[in-house]
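> Got a structure for you, written out below as structure tokens; questions coming shortly.
The values are calculated or read from the model by the stated rules, or taken from the named source; none is laboratory data. Every value quoted in this text rests on a predicted model; they were computed, and no experiment measured them. Here the Cβ is made from the backbone with ideal geometry for all residues, glycine too, and neighbour counts use every protein chain on show.
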Amino acid sequence: MILANKNAKIQYFINSKQVFPTNNQLTFPKKGKQTLKIIIEEAPNMKWELDYYLDVK
């Protein structure tokens, strides 16, 4: 992911629980329907929340 601010804060949540990437990868705890939320804050006035609804196989 290329961001305007290389020091941007990125948070990841799987099923409402905060998780941290390992070797740039996220691991889902189980198969089936999951939610992934990514919050990106490049500056106080530049914040995005992305919500994904996934079916992990």
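> Just for region 17-57: of the residues that are touching a strand residue (DSSP E or B) at 6+ places or on another chain (Cβ under 7 Å) and of a type in the set (S, T, N, Q), which one is farthest from A4 (Cα to Cα)?
Q34
> For V19, indicate whether it is within 11 Å of the chain's Cα centre (by Cα) and of a type outside the set (S, T, N, Q).
yes
> Shifting gears a bit: Failed condition for Y53, given (1) in a strand (DSSP E or B); (2) surrounded by 10 or more Cβ atoms within 10 Å (Cβ to Cβ), with all others met?
It is condition (2) that Y53 fails.
> Inspect all residues belonging to region 35-56 and state whether any of them is out of contact with any Gly (no Cβ under 7 Å at 6 or more places or on another chain), at pLDDT 95 or above and at positive phi.
For region 35-56, residues out of contact with any Gly (no Cβ under 7 Å at 6 or more places or on another chain), at pLDDT 95 or above and at positive phi: absent.
> Kindly list, by first and then second residue, each pair from a residue in region 11-24 that is touching a residue at least 12 places away in the same chain (Cβ under 8 Å) and within 17 Å of E41 (Cα to Cα) to a residue that is among the acidic types (D, E) and in a strand (DSSP E or B), limited to pairs with Cβ atoms under 7 Å and residues at least 6 apart or on different chains.
Pairs found: none.
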